[in-house]
1. Using a simple spin-label model with points 7 Å from Cα along the Cα→Cβ vector, what separation in nm is obtained for residue 240 and residue 24?
2. Among 131, 203, 186, which residue has its Cα furthest toward the positive end of the charge dipole of the chain, with +1 on Lys/Arg Cβ and -1 on Asp/Glu Cβ?
3. Scattering from the C-alpha atoms of segment 4-169 alone, worked out with Debye: what is log10 I(q)/I(0) at q = 0.19 1/Å?
4. Charges at C-beta only: +1 for Lys and Arg, -1 for Asp and Glu. How large is the resulting dipole of segment 162-222 about its Cα centre, in Debye rounded to 20?
5. Highest mean first, how do 187-198, 119-130, 20-31 rank when packing is the count of other Cβ atoms within 10 Å averaged over residues?
6. Putting +1 on Lys and Arg Cβ atoms and -1 on Asp and Glu Cβ atoms, find which of 219, 244, 255 reaches farthest to the positive end of the dipole of segment 202-255.
7. Quick one: give the max-minus-min coordinate of the C-alpha atoms of segment 174-254 along each principal axis, largest first, in Å.
8. Can you give the Rg/Rh ratio of segment 37-126, where Rg is from the C-alpha atoms and Rh is the Kirkwood radius?
Amino acid sequence: MPLQIVTVPCLSDNYAYLMHDDATGDTALVDAPEVAPIEAALAERGWRLTDILVTHHHHDHIEGVDALRAAHGARVIGAARDVHRLPALDLAAADGETVEVCGTPVTVLDVSGHTVGHIAFHVPAAKAVFTADSLMALGCGRLFEGTAPQMWVSLSKLAALPDDTDIYSGHEYTAANARFALTIEPDNAALKARAEAVAQARAEGRPTVPSTLAEEKATNPFLRAALPALKDSLGMSGAADEDVFAEIRGRKDRF
Ligand code: ZN
Ligand code: FE
């Protein structure tokens, strides 16, 4: 029985995710922007919340953690390096550590940049990675705490996962990201097609997540900073990958 993943829209543009395993009956939540929609999604399916996985300390990702933990007795897992500013953790995980969740191994990846201590959760059995505000659909998180080289290392780590990995990011920012991406690669046919699909999905009120890593590699400008043709088009021929990434990130900040 495959793991089921349910997207739970929260607040104005956040996503939380439920991952459920029928064999164990376990259900894990990734991030808790608010309690009500998550409780409703659990109740609708008759699922029991067993684990809460926390990606980073921003309030729009942790607001509901304590209440959900108290209500369900769920185990809370987050980054060891961020224990001082996360809700109380039952399991503090380090980069590269594997923990069993929903009866399957989940690997914690440090993907610092948006914050220092931001983690992603890779679930090989589900071909899924929960990236929150690191790698996002057609974008990446703003650099509030980390540096561009740090985020480039984080994105490269995610880009090394299998191409058919689904990318579950933390926000519905894809339409705006698409508009920006087209300023970097106006002639990228895959990007143009994806931008149209994204506009269509949003017009119908559908989420644009998850995407696959293969799609992101073909269309996300932040993952494409190492491409010689992209460097050339930015007038940065021969520049270091991380410097090209920094230039693209800077342009997005001013977009
Ligand atoms: Zn954030
Ligand atoms: Fe966020």
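Just so it is clear, none of the values below were taken in a lab; they were calculated from the coordinates. Quick caveat, the model's predicted, so the values are computed rather than measured. Neighbour counts are summed over all protein chains in view; Cβ atoms, including those assigned to glycine, are modelled from backbone coordinates with ideal geometry.
1. So the label points at residue 240 and residue 24 sit 4.2 nm apart.
2. Comparing the listed Cα positions along the dipole, 186 ranks first.
3. -1.24
4. 240
5. Ranking the peptides 187-198, 119-130, 20-31 by packing returns 119-130, 20-31, 187-198.
6. 255
7. So the extents along the principal axes, rounded to whole Å, are 42, 25, 20.
8. In segment 37-126, Rg relative to Rh is 0.96.
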